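The next block holds one structure in the form of structure tokens; read it before the comments.
Every read-out reported here was derived from the displayed coordinates using simple, explicitly stated rules and does not represent laboratory data. Here the structure is a predicted model, which is why all the values come from computation and not from measurement. We place every Cβ from the backbone using ideal geometry, glycine too, and count neighbours over all the protein chains shown.
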Amino acid sequence: MRQGQNGGLNVEVISMVVNDEFGVMQRVMGVFTRKRINVDTIVVGKCEIAGKSRVVLTVKDRQTAEVAVADLKGLHDIVHAEVVDETRHEAYALASNSAGKVRLIGNLEEVDKMIESTNLDVFIRAVNAL
């Protein structure tokens with residue numbers, strides 16, 4: 001990955017507010033499948049709007065993110081979709097090793113450095129943004 005403006009590793013974050021209904025994630029991910037876009041991380045959960053959920057996912061480059069957002073806006077399930085500015089990104093990881101479970105939080109570069117410098121048996125890293 002290339003370096004971002006703030007020294008962090010560059011990923012593009014797409015944030016969406018979607019209808020909280022059966023099949024929405026399948027339709028959302030169908031856009032990525034049809035465009036042959038790999039999603040690096042994905043976080044989904046209830047949000048501040050009743051009956052809606054927020055989907056936050058990452059892809060590798062800006063052009064890919066913009067293509068995806070343009071197509072996502074065409075789905076009736078999408079209330080709002082945007083490529084999120086790098087200054088609003090946060091990373092986190094849940095990790096474990098022989099000493100136990102650890103939660104890591106920071107910007108993407110900080111979390112990746114913590115993962116690399118620690119002898120982890122298992123971990124999952126994600127990126128989120130509001």
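Things to note:
- Projected over all directions and averaged, the alpha-carbon convex hull of the chain occupies 8.6 nm².
- Binned Cα-Cα distance frequencies in region 12-86 - 10 Å width, integer %: 20, 60, 19, 0
- Once the Cβ-Cβ distance of Phe123 and Arg34 is raised to the sixth power relative to R0 = 35 Å, the FRET efficiency obtained is 0.70.
- Restricting region 1-101 to trypsin sites (Lys or Arg not before Pro) that sit in a DSSP loop and have at most 10 other Cβ atoms within 10 Å of their own Cβ leaves Arg2, Arg36.
- Above-threshold pairs, the threshold being 21 Å between Cα atoms, out of Lys52/Lys73; Lys35/Lys73; Lys52/Lys101: Lys52/Lys101
- For the chain, a crude dipole built from +1 on the beta carbon of Lys and Arg and -1 on the beta carbon of Asp and Glu, taken about the Cα centre, is about 280 debye to the nearest 20.
- Full-extension gain in nm, Glu48 to Lys73, via 0.36 nm per residue minus C-alpha separation: 7.0 nm
- Charge dipole (debye, nearest 20) of region 88-129; +1 at Cβ of Lys and Arg, -1 at Cβ of Asp and Glu: 160
- Cα-Cα separations in region 88-129 greater than 13 Å, expressed as whole percent: 45
- Per-residue extension of 0.36 nm, minus the Cα-Cα distance of Gln26 and Leu130, leaves a gain of 35.2 nm for this segment.
- Between Ala99 and Asp61, full extension at 0.36 nm per residue minus the direct alpha carbon distance yields a gain of 10.1 nm.
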